[in-house]
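**Student:** One structure is given below, represented as structure tokens, and several questions about it will come after.
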């Protein structure tokens with residue numbers, strides 16, 4: 001059989017820099033969507049804590065511990081990042097592997113919120129969007145997940161097929177903001 | 001125009017897809033008769049004033065919501081999840 005080469009979503013596209021901004025690909029990690037069955041949120045949260053040490057976050061929030069994080073990912077949906085799902089989770093939620101379905105990038109640099117302000121119709125400034133906050137909103141026309149991971153760092157995910165568009169849009173915005181000095 | 005998603009909070013209109021009158025939530029019984037079904041499928045009110053519409057938060061949390069708004073003043077009066085709305 002032909003030998004297939006594993007490639008990341010942004011292979012050959014990243015990283016790029018412009019002014020104070022750096023865009024790089026997030027390290028490859030297992031991604032799993034968790035969709036709790038009706039009324040099972042608490043049970044799922046307990047199972048998550050027992051198996052992975054993290055609780056289920058509230059709306060527009062994320063939880064993380066020791067390299068494993070859980071993002072709120074939409075109505076009734078969460079994304080487990082950094083660990084394969086423990087079997088016990090399937091008792092309380094629909095558990096689906098998403099590892100190769102998303103392109104995940106990391107935008108860093110002082111004023112990174114100004115870069116995202118050019119692309120998303122939400123307020124991502126530190127006053128209202130703090131470390132650990134997450135949301136779903138369109139980046140350009142792509143349904144994105146955005147999480148603040150640091151003072152000047154954001155983690156952004158879109159469908160894998162849109163990786164090149166994501167990088168292009170972010171790079172253009174980075175250069176635009178950087179050019180203003 | 002901004003819509004108050006019951007889950008995400010107030011968001012820009014571009015995140016939402018417009019479906020139409022919230023009448024769609026009142027689906028008649030399968031044997032309700034031709035008149036009721038023709039009404040449900042084809043007839044819509046065109047109110048000057050308060051109206052209830054179905055919107056889909058496709059750019060955000062993916063919830064279907066019912067937004068109450070005023071077509072005369074353009075006021076958005078509120079929103080609720082379609083799941084609990086009638």
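Please treat every number below as a calculation from the coordinates, not as lab data. The shown structure was predicted, so the numbers you read here are calculated from the model rather than taken from an experiment. Note that each Cβ is placed from the backbone with ideal geometry, even for glycine, and that neighbours are counted across all protein chains shown.
**Student:** Between residue B:2 and residue A:172, how high is the FRET efficiency from 1/(1 + (r/R0)^6) when r is the Cβ-Cβ distance and R₀ = 30 Å? Nearest 0.05.
**Tutor:** Details: r = 26 Å, r/R0 = 0.88.
After rounding, the FRET efficiency stands at 0.70.
**Student:** Taking a ≥ b ≥ c as the square roots of the eigenvalues of the Cα gyration tensor of the range A:31-97, is the shape rounded (a/c under 1.5), prolate (a/b larger than b/c) or oblate?
**Tutor:** Working: a/c = 1.33, a/b = 1.11, b/c = 1.20.
Rounded.
**Student:** Additional query: Where does each of B:40, B:18 land when they are ranked from fewest to most other beta-carbon atoms within 10 angstrom?
**Tutor:** Values: B:40 14, B:18 10.
Listing B:40, B:18 from fewest to most nearby Cβ atoms yields B:18, B:40.
**Student:** As an exercise, use a Förster radius of 25 Å and the Cβ-Cβ distance of residue B:86 and residue B:35 to find the FRET efficiency, rounded to the nearest 0.05.
**Tutor:** Details: r = 21 Å, r/R0 = 0.86.
Computed FRET efficiency for residue B:86 and residue B:35 comes out at 0.70.
**Student:** Arranged by the count of other C-beta atoms within 10 angstrom, fewest first, what order do B:17, B:56 take?
**Tutor:** Details: B:17 12, B:56 16.
Final ranking by Cβ density, sparse to dense: B:17, B:56.
**Student:** How large are Rg and Dmax for chain B when only the alpha carbon atoms are used, in Å?
**Tutor:** 13.9, 41
**Student:** Using only Cα positions of the range A:1-152, each an equal point scatterer, no hydration layer, compute I(q)/I(0) via Debye at q = 0.15, 0.17 Å⁻¹ and quote the log10 values to two decimals.
**Tutor:** For the requested q values the scattering log ratios are -0.84, -1.04.
**Student:** Also: Once you order the gyration tensor axes a ≥ b ≥ c over the Cα atoms, which shape class does the range B:27-77 get: rounded for a/c under 1.5, otherwise prolate or oblate by comparing a/b with b/c?
**Tutor:** Details: a/c = 3.70, a/b = 1.45, b/c = 2.55.
Because a/c hits 1.5 or more and a/b fails to exceed b/c, the range B:27-77 counts as oblate.
**Student:** Let me ask another. If one computes the Cα centroid of the range B:34-74 and of the range A:119-181, what distance in Å separates the two points?
**Tutor:** 32 Å
**Student:** Just to compare against my own numbers: the Cα pair-distance distribution for the range A:1-46, 5 Å bins, whole % per bin, please.
**Tutor:** Per 5 Å bin, starting at 0, the Cα pair percentages come out as 5, 14, 13, 11, 12, 11, 11, 12, 10, 2.
**Student:** Kindly provide the helix-only [θ] at 222 nm of the protein assembly as shown, computed as the sum of -39,500 (n - 2.57) over DSSP H runs of four or more divided by all residues, to the nearest 500 deg cm²/dmol?
**Tutor:** On the way: 4 runs with 44 residues, N = 267.
Value at 222 nm, helices only: -5000 deg cm²/dmol.
**Student:** Cα-based Rg (one decimal) and Dmax (whole number) for the protein assembly as shown, in Å?
**Tutor:** Taking only Cα atoms of the protein assembly as shown, I get Rg and Dmax of 21.3, 68 Å.
**Student:** Ranking A:134, A:2 by Cβ neighbours within 10 Å, fewest first, what do you get?
**Tutor:** Working: A:134 24, A:2 4.
Least crowded to most crowded, the residues run A:2, A:134.
**Student:** Compute the length gained on full extension between residue A:90 and residue A:46: take 0.36 nm times their separation in residues and subtract their Cα-Cα distance, giving the result in nm to one decimal. Could the numbers behind the result be given before it?
**Tutor:** Details: separation 44, 0.36 × 44 = 15.84 nm, distance 1.27 nm.
The span from residue A:90 to residue A:46 would gain 14.6 nm if fully extended.
**Student:** For the pair residue A:24/residue A:153, report the inter-label distance in nm, with labels modelled 7 Å from Cα in the Cβ direction.
**Tutor:** Inter-label distance under the simple model: 0.9 nm.
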